[in-house]
Amino acid sequence: MNPLKSGTLDLALLAALQDQPRYGLDILRHVNDRSGGLFDLKEGSLYPALHRLVKAGWVDSDWQPSDRGGAPRKVYHLTSEGRAALHAKRQEWQTLRGALDALLTRALPRRSA
C-alpha cells in the first residue's frame, strides 16, 4: 500500500464499521470493493491497523458465533470515541480534498512563445 493510501487507512476502516459490526475478512472485502480495488487491502495490513484502532479506543471487538456454524469470529465495531474520530477524520479529509481541488482546478498561466 502506498503512503497516501496508508495515511487514509484508519479513515477507511472506521468508515467500514460505521453502519454495522464486521469481522476481519468482511472489513477487507468491504474496503476493497467500495474503493474499486484502489486500496487492495491485505490481511497483513488490516490486522495491525485494527489492533492500532482497538488500542486507541476507537474500535472494540468481541467473539460471536459464525453464521455458518464454524468457529467463532472476532467481530469489530466502533466505540463512541471511534464515531467521534470518524467524524473528525471525515472533516479533515473534506478540508484536505477542498484544498487540493482548489489547487488542481486553478487555471495554469499561459506560456508565451
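The values are calculated or read from the model by the stated rules, or taken from the named source; none is laboratory data. Not measured: the values here are computed from a predicted model. Methodologically, a virtual Cβ is constructed for each residue, glycine included, from the backbone with ideal geometry; neighbour enumeration extends over all protein chains shown.
Below is a table of values for the structure above.
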{"quantity": "Among the candidates W58, W93, residue that is modelled with pLDDT of 85 or more, in contact with a Leu (Cβ under 8 Å, 6 or more places away or on another chain), of a type outside the set (D, E) and farther than 20 Å from P21 by Cβ", "calculated": "W93"}
{"quantity": "Odd one out for L11 among (1) within 15 Å of T79 (Cα to Cα); (2) without any contact (Cβ under 8 Å) to a residue 12 or more places away in the chain", "calculated": "(2)"}
{"quantity": "Residue among R73, R90, R83, R52 that alone is free of Cβ contacts under 8 Å to residues at least 60 places away in the same chain and more than 12 Å from L13 (Cβ to Cβ)", "calculated": "R73"}
{"quantity": "The listed residue being of a type in the set (S, T, N, Q) and under 14 Å from T8 (Cβ atoms), out of S61, S45", "calculated": "S45"}
{"quantity": "Matching residues in the stretch 39-77 - criterion: being loosely packed, with under 12 Cβ neighbours inside 10 Å, in a loop (DSSP other than H, G, I, E, B) and either of a type in the set (G, A, S) or out of contact with any strand residue (DSSP E or B) (no Cβ under 7 Å at 6 or more places or on another chain) (or both)", "calculated": "K42, P65, S66, D67, R68, G69, G70, A71"}
{"quantity": "Scope the stretch 14-38; condition surrounded by fewer than 15 Cβ atoms within 10 Å (Cβ to Cβ), not in a loop (DSSP other than H, G, I, E, B) and not basic (K, R); matching residues", "calculated": "L25, D33"}
